[in-house]
Amino acid sequence: MLDRNSILETINMIRDENLDIRTVTMGISLFDCVSDDGDRLCDKIYDKIMRRAEKLVPTACEIEKEYGIPIINKRLSVTPVSMIGGGLSEDGYLKIAKTLDRAAGELGVNFVGGFSAMVQKGMTEGARRMMRVIPEALSVTERVCSSVNVASTKAGINMDAVAMTGKIIKETARRTADRGSIGCAKFVVFANAPEDNPFMAGAFHGIGEPETVINVGVSGPGVVASAIRRAGDCSFSALADLIKKTAFKITRMGQLVACEASRRLGVPFGIVDLSLAPTPAVGDSVAHILEEMGLESVGAPGTTAALAMLNDAVKKGGTMASSFVGGLSGAFIPVSEDAGMIEAVAKGALSIEKLEAMTAVCSVGLDMIAIPGDTEEATVCGIIADEIAIGVINTKTTAVRVIPVCEKKVGDTVSFGGLLGYAPVIPVSRYSSEKFIARGGRIPAPIHSLKN
Amino acid sequence: MKAVISVTGRDSMGIIAGVSNACAECGVNIIDISQTVLKEYFAMIMIVDIDRITVPFVDFVDRMTALGKERGLEIHTMHEDIFNSMHNI
């Protein structure tokens, strides 16, 4: 029999604590669309996406209504485009981006990820041409998200690719200057990119994935923050237990939605991504969880330890709740999408250097950070290289999604709208990385013994 | 299969009657009701059997939501699986 308190707890989580399913993402392989004719390739891509994902949005809406749990985003991820474009010209790659955008628009999904390249060890000619059109693709499309994997623990860091991504970010910012350089919010630079990530902007359908797959990303920072608040002054061991239990409940809901979506769509269930994903809404902030633990502001000494504990407890609780866990699974710390992070940056409590330290212990990386528009390209590359090195050495995923907002300087605020939120422009080091980045080549893969 | 209907809002005459009627019209059988009024605030949790429901469940959800709007109440209808999966191992 259903227990009254359990019912009230669930209803309270959904209505008052912003519990939701952040995304149901359908991964679609495009390998069978390959053609040496650009137009034919685009036609096949369009047809396949429209056929496979036809029922994605209505099915997700139906599940949302039946279970009373909001499903915020319905999305698509596809095979990295650089792998199916082959010998296409730059124009050909641009056409693929436009095709993806058109299909996503007609299906009613808000983003499609996979305008991506894997260049951790080297760059094919096709990948190079695709990467060259990323700025234009992001400026002329609305829903296409792009990512480039520039490093892995096995391959080391491709510094030529790092240099190229810095250029892509600056160029994208310029091309979308009239919209707060929003194009950069749709572009991620990765180390050790996961192949089953349902979250944007870094989602793509990896090469080891099935024909189609359903991946689900849960959310719920508000639920964790409320549980900690209710627990009052307890020790860290009690706190870790509490977070584990809460993460278990949140993830069970993700598992239910993933299984239902998979069954109704007749598409295999891939993974549940356990990430605590914040939104700019009040009561939906990862920063506020850390502050509930006893920090005056996120960014204060102790922040990295608090985040490490949170991230680990979320994984421990969530892993048992789902049959398959994957993606990024951890706590997200995007600045513009988290009310607590925004406050902390605005009052000077949180710097980009502290954010970088935090990324060593949680999922993802430097995420949705607005930096001054006049930041040198080499400095952007330096920021990327630092963050990527953390991922490569620690055998984890890290990523960079920074926005050098044209004509904005430290202290200004930029708004991206919707879930992308708004952010105060954060200061970056004024010392140059130019000669370092100009070296090019590859940083070798790290040794896996002699750990210190 | 069961579903949970939660009703909250300002108390008035005939709330239970209204919700029960809508259930009966759709072939939904009430199994359990727990209801309180705190000052003027009405709160009810109803557990219902939907095995013999005569309309698609999502239409029933819409109908209950609309009934809530008509009467100035918040009515949410949720399939039992969400509670079972969240609270049972």
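The values are calculated or read from the model by the stated rules, or taken from the named source; none is laboratory data. In this text, all values refer to a predicted model and were calculated from it rather than measured experimentally. All Cβ positions, even for glycine, are placed from backbone atoms using ideal geometry, and neighbour counts span all protein chains on display. These area figures cover heavy atoms from the full protein model, side chains too; ligands, DNA and RNA do not enter into them. Shrake-Rupley method; radii C 1.70, N 1.55, O 1.52, S 1.80 Å.
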Item to complete: Whole Å is fine, so just give me how far the alpha carbon centre of region A:239-308 lies from that of region A:113-130.
Response: 32
Practice prompt. Taking the convex hull of the Cα atoms, report for region A:38-88 its projected area averaged over all directions, in nm².
Written response: 4.2
Practice prompt. Quote the relative contact order of chain A in percent (integer), defining contacts as alpha-carbon pairs under 8 Å separated by 6+ residues.
Written response: 17
Worksheet entry | Distant-in-sequence amide H partners of residue A:218 (H built 1.01 Å from N, under 5 Å) | A:22, A:273, A:275
Worksheet item: Is it possible to state the helix-based mean residue ellipticity at 222 nm for chain A, with each DSSP H run of 4+ residues giving -39500 (n - 2.57), the sum divided by total residues, to the nearest 500 deg cm²/dmol? What is it?
Response: -14000 deg cm²/dmol
Item to complete: Mind running the shape call on region A:144-255? Use the C-alpha gyration tensor, a ≥ b ≥ c as the square roots of the eigenvalues: rounded below 1.5 for a/c, prolate if a/b tops b/c, oblate otherwise.
Response: prolate
Worksheet item: Which helices of chain A meet both criteria: a Cα extent of 18 Å or more along the helical axis and a mean Kyte-Doolittle score no lower than 0.5, with helices taken as whole DSSP H segments?
Response: A:377-393
Worksheet item: With charges set only on the Cβ (+1 for Lys and Arg, -1 for Asp and Glu), what does the dipole of region A:17-191 come to about its Cα centre, in debye to the nearest 20?
Response: 400
Discussion item. Within 12 Å, Cβ to Cβ, of residue A:58, how many net charges do the neighbouring residues add up to if Lys/Arg are +1 and Asp/Glu are -1?
Written reply: +1
Discussion item. Tell me the angle of helix B:15-25 to the major Cα principal axis of chain B, expressed in degrees between 0 and 90 and rounded to the nearest ten.
Written reply: 30
Practice prompt. Quantify how strongly other chains surround peptide A:247-256 by giving the mean number of their Cβ atoms within 10 Å of each of its Cβ atoms.
Written response: 3
Response to the item:
In whole percents, the bins of 10 Å from zero upward hold the Cα-Cα pairs of region A:17-191 as 10, 36, 33, 17, 3, 0
Practice prompt. Can you tell me the alpha carbon radius of gyration of region A:95-194 divided by the globular rule-of-thumb value 2.2 N^0.38 Å?
Written response: 1.06
Discussion item. Using +1 at the C-beta of Lys and Arg and -1 at the C-beta of Asp and Glu, which of A:173, B:88, A:345 has the Cα lying farthest in the positive direction of the dipole of the protein assembly as shown?
Written reply: A:173
Worksheet entry | Helix-only CD estimate at 222 nm, as mean residue ellipticity for chain B, using -39500 (n - 2.57) per DSSP H run (n ≥ 4) | -11000 deg cm²/dmol
Worksheet item: Where q = 0.12 Å⁻¹, what log10 of I(q)/I(0) comes from the Debye formula for chain A, counting one point per Cα?
Response: -0.98
Worksheet item: With labels modelled as points extended 7 Å from the Cα through the Cβ direction, what inter-label distance (nm, one decimal) is found for residue A:413 paired with residue A:91?
Response: 4.5
Discussion item. Run the paramagnetic zone check for residue A:31: 7 angstrom along Cα to Cβ, then residues of region A:63-93 with backbone nitrogen under 15 Å.
Written reply: A:78-86
Worksheet item: Using all Cα-Cα distances in region A:91-142, what percent lands in each 5 angstrom bin from 0 up to the longest?
Response: 4, 21, 30, 21, 14, 7, 3, 0
Fill in: chain B: radius of gyration over Cα atoms, expressed as a fraction of 2.2 N^0.38 Å
1.06
Worksheet item: chymotrypsin sites (Phe, Trp or Tyr not before Pro) within region A:360-452: which are DSSP loop residues with at most 11 other Cβ atoms inside 10 Å?
Response: A:431
Worksheet, complete the sentence: Residues whose modelled amide H sits under 5 Å from the amide H of residue A:421, counting only those 5 or more places away in sequence or on another chain, are A:416
Discussion item. Can you compute the charge dipole magnitude of region A:317-452 about its Cα centre, using +1 on each Lys and Arg Cβ and -1 on each Asp and Glu Cβ, nothing else charged? Give it in debye, rounded to the nearest 20.
Written reply: 420
Worksheet, complete the sentence: In whole percent, the fraction of accessible protein surface over the protein assembly as shown that belongs to carbon or sulfur atoms, probe radius 1.4 Å, stands at 51
Fill in: Test item: Cα-centred dipole of region B:2-80, Lys/Arg +1 and Asp/Glu -1 on Cβ, debye
160
Fill in: Surrounding net charge for residue A:278, when Lys and Arg each add one and Asp and Glu each subtract one, Cβ distance under 9 Å
-3
Discussion item. Cross-link candidates for residue A:409: which aspartates and glutamates have Cα within less than 20 Å, leaving aside residues fewer than 8 places away along the same chain?
Written reply: A:171, A:178, A:337, A:343, A:353, A:367, A:374, A:376, A:377
